[in-house]
Protein chains: 2
Amino acid sequence: MIYSLKAGGKRIRPLLIFAVLDAFGRDPKIGLKPAAAIEMIHTYSLIHDDLPSMDNDDLRRGKPTNHKVFGEAAAILAGDALLTYAFELLAALDPEKASAETKLLLVKELAVSAGAEGMVGGQTADIEAEGKVLNLTELEYIHRNKTGKLLTCSVMMGALLADSDSETLELLRDFSRHIGLAFQIQDDILDIIGMQDKIGKPVGSDVGNQKNTYPALLTLDGAKEKLSEHIQLAKQSLAQTSLNIEMLLQLTDLIAVRDH
Amino acid sequence: MIYSLKAGGKRIRPLLIFAVLDAFGRDPKIGLKPAAAIEMIHTYSLIHDDLPSMDNDDLRRGKPTNHKVFGEAAAILAGDALLTYAFELLAALDPEKASAETKLLLVKELAVSAGAEGMVGGQTADIEAEGKVLNLTELEYIHRNKTGKLLTCSVMMGALLADSDSETLELLRDFSRHIGLAFQIQDDILDIIGMQDKIGKPVGSDVGNQKNTYPALLTLDGAKEKLSEHIQLAKQSLAQTSLNIEMLLQLTDLIAVRDH
């Protein structure tokens, strides 16, 4: 559990919780345990996704994957325990930081986002789509669930901890959906650009193979346009709130221009 | 998810919740969602335990195991989704049936019982113990965690839903610990008796092989004695409460005399 938690990563989900709390003028520290909980869910999903029967990856963030170090059985169990511990952490949240009602909303938000109709549903669809050519609607379904729901959950958790009104909550939900898709599109673009640097093939040669990506569906320029569209819509949603959105805007730009 | 949930089983964990609610004079129906939640946790653990990298079982309750029907990836994801959905169910419990505080206690109880220091910890220890000869303390550690904690959780959930006082809660916790061990000892005894019927070998031939069981450690008579001891202690704990313990006593006898 600790090996994979400490393997690094961008910590984008925790950052989103902290930035939302900051936008409400609340102490980001209130979000520490929820941030740990969502990072545990993210980490468990990586451990299970890397397994031989799933994506069969040997390396993750430059280190051997969990099952390569500890074996498959231990990797499955470490994932199960991280998933379970996330809910223990939320239930044990300091009463001064969140009321019982708020804590239950966090539990529900996390369970719905991570479960069969969220992250696990997206991963299932992704595995079922292997070797098939998807259209844009199908591709977006996978990403909205596999990665998008947990990013939305981070934003929602921050807002719930800050006792957000429902109008602001919905604007932040819109914001999170756009950055979720932007995040994935930028991932796909980086994949292509990275590949180009590495193997010297012209951009677009990826279109012919069986990987479903935004550039493959929309061309690289089309994907970049789509990315910029979602970033603009995300910022528009933020601008309609009465929050102090500086940190959230910075995070949004970070998602669009990151190089890894 | 549905395939494994509907594969049957004794439903002992739900029965415990209902019997505890009955003992408090409360409507057992209050326990329906928590009972479903705990059965989902139990079912996910069976799906993952049956995987090739774990116990590698092809059959469960006379039917092909989940991964045999749907493949390993889908089985891992079905387990993950069941585990996650259990917490969603608890958080969504009808407010008339449980206060927010009670629901959080249920979430915490389930997470602690099922997680790294409960069921998953027990399963990890069990896998690590493969091929080793254990002493009674080590064997009890595995069973207390792998199967015991979730049985205790069922009893605690019933008591929490019934707003039990803390003294009764502790007596019920003692009760649950004894029936948890009794349950496992009877499992081991049935294993031996079943084997004797099937292959006609004398009782005790199992002692020499690498399976860690109560009869292997204590002889068959010793295990039967230990079983009866735990059943007596379980009943004594019940007798010290002021509850209507009739159904709980019936369940206790069921655990001790069941033939499967």
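What to note about this one:
- Copies compared at residue A:242 - label distances in nm, ascending, label defined 7 Å from Cα in the Cβ direction: 5.4
- Neighbour counts of other Cβ atoms within 10 Å put A:1, B:119 in the fewest-to-most order A:1, B:119.
- Copy B relates to copy A by a rotation, and the B residue whose beta-carbon is nearest that axis, with the distance in whole angstrom, is B:100, 2.
- For segment A:234-244, 3J(HN,Hα) per residue [Karplus equation, 6.51 cos²θ - 1.76 cosθ + 1.60, θ = phi - 60°, Hz, x = Gly/Pro]: 4, 5, 4, 4, 4, 5, 7, 8, 9, 8, 8
- Note on chain A: GNM, Cα springs under 10 Å; of A:58, A:22, A:126, the largest mean-square fluctuation is that of A:58.
- Most fluctuating residue given options B:144, B:177, B:60, as computed from a GNM of chain B linking Cα atoms under 10 Å: B:60
- In loop segments of segment B:130-166 as defined by DSSP, the GluC sites (Glu not before Pro) with at most 12 further C-beta atoms inside 10 Å of their C-beta are B:130.
- The alpha-carbon atoms of the protein assembly as shown, seen along their principal axes, cover 76, 48, 33 angstrom, with the largest extent given first.
- Rg/Rh for segment A:6-85 (Cα atoms only, Rh after Kirkwood) is 1.08.
- Ranked for footprinting exposure by Cβ neighbours inside 10 Å, fewest first, B:166, A:45, B:176, A:154 give B:166, A:45, B:176, A:154.
- Residue by residue along B:111-122, Cβ atoms of other protein chains within 10 Å of the local Cβ number 6 on average.
- Note on chain B: with a GNM built from Cα contacts shorter than 10 Å, the maximum mean-square fluctuation among B:221, B:50, B:80 falls on B:221.
- Computed over chain A, relative contact order equals 21 percent, with contacts defined as Cα pairs under 8 Å that lie 6+ residues apart.
- Cross-link partners of residue B:226 among lysines (Cα-Cα below 16 Å; sequence separation of 8 or more within a chain): B:235
- Exposure proxy ranking, count of Cβ atoms within 10 Å, fewest first, for A:247, B:156: A:247, B:156
- Computed per residue of the protein assembly as shown from DSSP H runs no shorter than four, each worth -39500 (n - 2.57), the mean residue ellipticity at 222 nm is -22000 deg cm²/dmol.
- Karplus-derived 3J(HN,Hα), 6.51/-1.76/1.60, for each residue of segment B:184-190, Hz, glycine and proline x: 6, 4, 4, 4, 5, 5, 4
- Cβ-defined net charge surrounding residue A:25, 13 Å radius [Lys, Arg +1; Asp, Glu -1]: -3
- Here the Debye sum runs over all C-alpha atoms of segment B:1-257 as equal scatterers in vacuum, and log10 of I(q)/I(0) at q = 0.08 Å⁻¹ comes out as -0.32.
- Label points for residue B:222 are taken 7 Å from Cα along Cα→Cβ. From this copy to the others they lie 7.3 nm apart, shortest first.
- Here segment A:61-150 is treated as a sphere whose radius is the Kirkwood value from Cα pairs; by Stokes-Einstein at 25 °C and 0.890 mPa s it diffuses with a coefficient of 160 µm²/s.
- Euclidean distance between Cα centres, segment B:69-143 to segment A:6-74, Å: 20 Å
- Taking Lys and Arg as +1 and Asp and Glu as -1, the other residues whose beta-carbon sits under 14 Å from that of residue B:11 total +4.
- Annotation: amide H of residue B:60 within the under-5 Å range of B:65, sequence separation 5 or more or interchain, hydrogens built in the peptide plane.
- Under the combined filter of DSSP loop state and at most 10 neighbouring Cβ atoms within 10 Å, segment B:77-138 retains these trypsin sites (Lys or Arg not before Pro): B:132.
- Loop-located GluC sites (Glu not before Pro) across segment A:39-128 with a Cβ neighbour count of 13 or fewer within 10 Å are A:96, with loop assigned by DSSP.
Any read-out appearing in this document is the output of simple, stated calculations on the displayed coordinates, not a laboratory observation. Small disclaimer: the values here were computed from a predicted structure and weren't measured. Positions of Cβ are generated from backbone atoms using ideal geometry, with glycine treated the same way; all protein chains shown enter the neighbour counts.
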